[in-house]
Each structure stands twice: as C-alpha cells, then as structure tokens.
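I have placed the structure first, in the form of structure tokens, so that the comments after it can refer back to it.
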Amino acid sequence: MRIGDLAAATGTTTKTLRFYEQAGLLADPPRTSGGYRDYPAHTPTRVAFIRSAQAAGLSLAEIRDVLAIRDGGQPPCTHVTALLARHLADVEHRIAELETTRAMLRELTHTASATDPATCTEGDICRILTAD
C-alpha cells in the first residue's frame with residue numbers, strides 16, 4: 001500500500017505518516033522498485049491504534065513503548081492499564097486545579113463588577129486583583 005493510499009485509508013496525511021516513521025511508531029516500509037513506500041496490509045490497524053492512543057492522551061514515547069511490547073510478542077494490557085490510571089489521576093488533578101481557578105475567577109468577576117474605577121488611586125495598580 002502506497003503512502004497516499006494509507007493516508008486516505010486512515011484519515012491522516014502523508015506528512016503524519018512520515019512523522020510516525022521518524023518517531024519510531026511505524027517501521028520503515030519496504031520500497032517498490034520505483035522507490036515508493038510499500039506499507040504492509042496491517043499498517044492501517046497500527047495507525048488507528050496510534051491515533052486512538054494519542055486521543056487518550058498518551059505521549060508518543062508511551063505509544064512507542066506499548067508498540068514495542070506488542071511487537072515483542074507480549075500483550076501490553078498491564079502496561080496500558082497503568083498508563084491510563086496515571087493519566088486519569090493527572091487529569092483529575094488538573095480538573096481540581098481548574099475548579100479552584102474557576103472559583104477564584106468568579107469571585108474576582110464579582111469584585112470587578114462592584115468596583116468603581118473612580119475609587120482607584122494612583123498607588124493602586126488594579127484594586128480588583130489586589131487583596132485587601
């Protein structure tokens with residue numbers, strides 16, 4: 001399968017596929033006598049996995065590790081489970097931080113709507129953001 005056909009079949013671009021090769025996610029495919037890449041029939045499945053793993057938040061290095069486990073003949077399920085648990089914990093931590101930020105912004109927005117600019121002095125940078 002040529003690179004253009006693979007790109008069309010997987011909803012990616014040829015540039016993305018070349019990047020995946022350079023990143024070690026796809027093996028360098030054999031070449032035709034004309035020098036064109038000739039991807040094996042299983043490559044669309046691998047590209048679909050890479051895209052799904054990226055959508056789940058896995059880094060390229062993490063995806064490469066999962067693929068190396070599978071390419072080594074082992075199921076990567078235990079490794080993937082640990083990765084997903086770590087990513088979920090990170091996302092939950094970021095959500096908690098964002099909720100704290102949202103509460104602070106709501107309070108500051110309320111303060112801003114009740115602040116009369118005429119009461120600001122030259123010594124104030126911005127009374128809305130200055131703690132009393």
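The values are calculated or read from the model by the stated rules, or taken from the named source; none is laboratory data. These numbers come from a predicted model, not from an experiment. Every residue, glycine as well, gets a Cβ built from its backbone with ideal geometry; the counts of neighbours run over all protein chains shown. Ligands, DNA and RNA are stripped out before the accessible areas are found, and what is left, the full protein with its side chains, is counted by its heavy atoms. Shrake-Rupley method; radii C 1.70, N 1.55, O 1.52, S 1.80 Å.
Scanning the range 18-39 for residues that are farther than 15 Å from I63 by Cα and either of a type in the set (A, V, I, L, M) or assigned to a strand (DSSP E or B) (or both) yields R31, R37. Per the listing I63, I128, the residue uniquely of a type in the set (V, I, T), open to solvent by less than 70 Å² (accessible area, probe 1.4 Å) and closer than 30 Å to G4 by Cα is I63. Scanning the range 94-116 for residues that are over 30 Å from G57 (Cα atoms) and either loosely packed, with under 10 Cβ neighbours inside 10 Å or among the polar types (S, T, N, Q) (or both) yields T109, T111, S113, A114, T115, D116. Does S52 qualify as being polar (S, T, N, Q), over 30 Å from I128 (Cβ atoms) and open to solvent by less than 60 Å² (accessible area, probe 1.4 Å)? The answer is no for S52.
Tell me, yes or no, whether the range 77-91 has at least one residue that is within 30 Å of M1 (Cβ to Cβ), in contact (Cβ under 8 Å) with a residue 12 or more places away in the chain and either open to solvent by less than 50 Å² (accessible area, probe 1.4 Å) or not in a helix (DSSP H, G or I) (or both). Yes.
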